[in-house]
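The values are calculated or read from the model by the stated rules, or taken from the named source; none is laboratory data. Being a predicted model, the structure only gives us computed values, none of them experimental. Methodologically, a virtual Cβ is constructed for each residue, glycine included, from the backbone with ideal geometry; neighbour enumeration extends over all protein chains shown. Ligands, DNA and RNA are excluded from the accessible area calculation, which covers all protein heavy atoms including side chains. Shrake-Rupley method; radii C 1.70, N 1.55, O 1.52, S 1.80 Å.
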Amino acid sequence: MLDRKLLRENPEILRDALRKRNYDISVVEELISLEQQVRSLKREIDDLRAEKNKISKEISKVRRENGNVETLMREAKRLDDRLAEIENKLPEKESILYEKWLYLPNIPHESCPVGSSSENNVVVRTWSKPREFNFTPKPHWDLGEALEIMDFKLAGEISGSRFAIYKNEGAELERALINFFLDENKKKGYQEILPPTLVKEEAMYVSAHLPKFREEMYYASEDQLFLIPTAETILANLYRDEIIEESDLPQYFMAFTPCYRREAGSYGKDVRGIIRVHQFNKVELFKFTKPEDSYDELEKMVNDAEDLLKLLGIPFRVVLLCTGDMGFAASKTYDIEVWAPGLGRWLEASSCSNTETFQTRRARTRMRRRDGKIEFPHALNGSGLATPRVFISILENFQEKDGSVVIPEVLRPYMGGKDVILPRKER
RNA sequence: GGAGGGGUGGCCGAGUGGUUGAAGGCGCACGAUUCGAAAUCGUGUAUCCUCCUAAUCGGGGAUCGUGGGUUCAAAUCCCACCCCCUCCGCCA
């Protein structure tokens, strides 16, 4: 959510932001007029209430002195009628304005490349060279099924398409990744949170997954609870309705959770394997920072995520998203893409964003400066990391000609010292 | 799921329908005292919106879990919902 003062003080910033994101800018005029109406209604109401409060106090005083209050009462009632008339108009206008306001995306940072699609994204750096194979590398679904560490047929029967079952070393590898991510991030100062994965509707508004992205989430209607699409939802709510002292910033958090996404609208896309699944595991990173520090903190967060891949030895590249490709809540986003030689393409394994005050406004999370001034801190989120594409990348990058997969060294302590996943019969 | 109790400022805690945005205490900040500290004394200490101002100051409105209602007037009365606690039932 943006600062409503923009409508009065600098609507051009809004139009510019919407243009960069390929949104229709005509909504701005509509909002300006709505905001003016709401504000003038509020003023009228405030003035009338002030008058009425005065009379009420007068009544109280006259009563105490045993005077006659009838004239005053009549005056108060008359004001009441006028008030009721105006007060009735306000909630309607206010809610229209609020609803529309919630649908406005965040303002892109000036350092973001302007462009309309992923083609305008900028690769800022690439780490390590993709390995040369002297055989044709297989996709992870072939490797996974042959090694009997993944079962897509069974998952399909039990849960449907876009679900996976991990077995044996597959399950172990998944668990190893999660623990490895958590342990490494902890060294960087991220506090661990283990949250619920079902949340109330109001919490979803804070992260800005609502109202716009209702269709992308699973909903337990009986209990009116949403399954989280990411732990970002939870972490953005950590300081809801609270004021953080400036001296307590920055704050780093991480949370491991399963993530649930309906993937509506991506029918027929990435249906094989675990490139795009309805349920996956992710360790999410989250920061609350002072506004002046947030862009440095974003760089650090990206580096933290990159470090995980470096330790694993997985080739990756860092991509700065252009304005048209950025998420709704983001001011600036870096994606980290890992190389998947079996698929022959880069896969997004992390997305790190600065949302500035977009989420903290919705959460009413504020910070108090040393001089007592109140303002909104910035909030940042990033994956550190989501497992499926790292899993893919490990299988596909570290496969051998015989179909076995070498386990990255840093994961071996998490897998009882095992260094390779061999085909079933050889185990 | 059934029965009961409760939600007030950073925290504890008072609050007869009317100068209560809210006593008192703790905490915190600043000042005095002190060689310095403790103790003591003094002052200050919620947030949001809005108007005025260059800014400070100041004016107005709103907020005592949330939303509605009664009333000239609600923290206080009524209704609904949310949350917390206790007991019973069920249960990993």
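Tabulated data for the structure shown
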| item | result |
| --- | --- |
| Sparse-neighbour loop sites [trypsin sites (Lys or Arg not before Pro); the stretch A:310-375; at most 16 other C-beta within 10 Å; DSSP] | A:364, A:369, A:370, A:373 |
| Accessible-area composition of chain A, carbon plus sulfur, in percent [1.4 Å probe] | 47 |
| Listed residue (A:383, A:144, A:156) projecting farthest to the positive dipole end of chain A, Cβ model | A:383 |
| Neighbour-limited loop hits for GluC sites (Glu not before Pro), the stretch A:86-145 (at most 15 other Cβ within 10 Å; DSSP other than H, G, I, E, B) | A:110, A:132 |
| Relative contact order of chain A, defined on C-alpha pairs under 8 angstrom at six or more residues apart (%) | 20 |
| Relative contact order, percent, the stretch A:5-102 [alpha-carbon distance under 8 Å, six or more residues apart] | 30 |
| Amide proton proximity set for residue A:218, modelled H, under 5 Å, gap of 5+ | A:227, A:262 |
| Cross-link reach list, lysines versus residue A:212, counting only Cα pairs under 27 Å and skipping chain neighbours closer than eight places | A:5, A:20, A:89, A:93, A:100, A:200, A:269, A:282, A:287, A:332 |
| Residue-count net charge about residue A:190 - beta-carbon cut-off 10 Å; Lys, Arg +1, Asp, Glu -1 | 0 |
| Sequence-separation-based contact order of the stretch A:244-341, relative, with Cα cut under 8 Å and 6+ spacing, percent | 24 |
| ³J(HN,Hα) computed for each position of the stretch A:97-107 - Karplus, 6.51 cos²θ - 1.76 cosθ + 1.60, integer Hz, glycine/proline x | 4, 4, 4, 5, 4, 5, 8, 7, x, 5, 8 |
| Radius of gyration and maximum dimension Dmax of chain A, Cα, Å | 27.1, 103 |
| Per-residue ³J(HN,Hα) for the stretch A:29-36, Karplus 6.51 cos²θ - 1.76 cosθ + 1.60, θ = phi - 60°, Hz, x for Gly and Pro | 4, 4, 5, 4, 5, 4, 5, 5 |
| Peptide ranges A:56-64, A:192-200 listed from the most packed, as the mean C-beta count within 10 angstrom indicates | A:192-200, A:56-64 |
| Descending semi-axes in Å of the stretch A:28-103, equivalent ellipsoid built from Cα gyration tensor | 36, 10, 8 |
| Order of exposure, largest accessible area first, which applies to A:127, A:339 with probe 1.4 Å | A:127, A:339 |
| Environment charge at residue A:307 (Cβ cut-off 14 Å; Lys +1, Arg +1, Asp -1, Glu -1) | +1 |
| Cut-off under 5 Å, modelled amide H: who pairs with residue A:351 long-range | A:336, A:383 |
| For peptides A:232-241, A:380-389, A:417-426, A:348-357, sequence by mean Cβ density within 10 Å, most packed first | A:380-389, A:348-357, A:232-241, A:417-426 |
